[in-house]
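The values are calculated or read from the model by the stated rules, or taken from the named source; none is laboratory data. All figures in this text were calculated on a predicted structure; none of them were measured in a lab. So basically every Cβ, Gly included, is an ideal-geometry build from the backbone, and we count neighbours across all protein chains shown. Remember, those area values only see protein heavy atoms, side chains included, never the ligands or the DNA or RNA. Shrake-Rupley method; radii C 1.70, N 1.55, O 1.52, S 1.80 Å.
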Amino acid sequence: MRNCAAVGLPVGAYVYSKARTAFAAAEEAERAAEECAPYHLDYPIAMDFEAAQFLAMPKKTRGAIIDAFCTRIEARGYKPMLYSSKYWLSALIPSETTRRWDVWLAQYAPRPTYSGDFTMWQRGTGNVDGIAGRVDIDICYRDYVDAVSYTHLRAHETCADIVCRLLLAK
């Protein structure tokens, strides 16, 4: 994140959640907020909620875990976001939870078919001039910074479970 900030690229943060309880989710959020504190975030801190461990949980518990994470992020002064696939958002996460928070939909398709609201859409992968290899391609529908459409790269910082999503304006 420090390199992006140095060149003026807008940034957000991304946490692949492993929390098994609402308390653990709040701790993950606290850690993310602490790691992000030295930086100005333009985009939300997103919770990636789609690990296999969550499948055995009741839907209500999944919602409580997401709510605990997002509530703590919001309490720390950041914009929270839920990142998940169409299937998870449609079938495995309570609809009251998906309506409460900004959603980053992961659906690799020519057009999104998720029936709920979402503010970002990860539509697939592609190539970007100047970057070796394929990158995820996202479209942002909310003006978190100034522009409307973004391509992001995955960049791993030193903190084990936090992945910064670096967003480059098209």
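General remarks:
- Long-range neighbours under 7 Å by Cβ, at least six apart or interchain, first residue free of Cβ contacts under 8 Å to residues at least 12 places away in the same chain within region 13-33, second open to solvent by 70 Å² or more (accessible area, probe 1.4 Å): none
- Set side by side, the residues R154, R142, R165 differ, and just one is closer than 26 Å to R2 by Cβ, part of a loop (DSSP other than H, G, I, E, B), modelled with pLDDT under 95 and of a type outside the set (G, A, S), which is R142.
- Under the condition of being outside any helix (DSSP H, G or I) and surrounded by 20 or more Cβ atoms within 10 Å (Cβ to Cβ), the residues counted in region 11-29 number 7.
- Hits in region 30-56 - residues which are under 16 Å from the mean Cα position of the chain (by Cα) and either of a type in the set (S, T, Y) or open to solvent by 50 Å² or more (accessible area, probe 1.4 Å) (or both): R31, E35, Y43, E50
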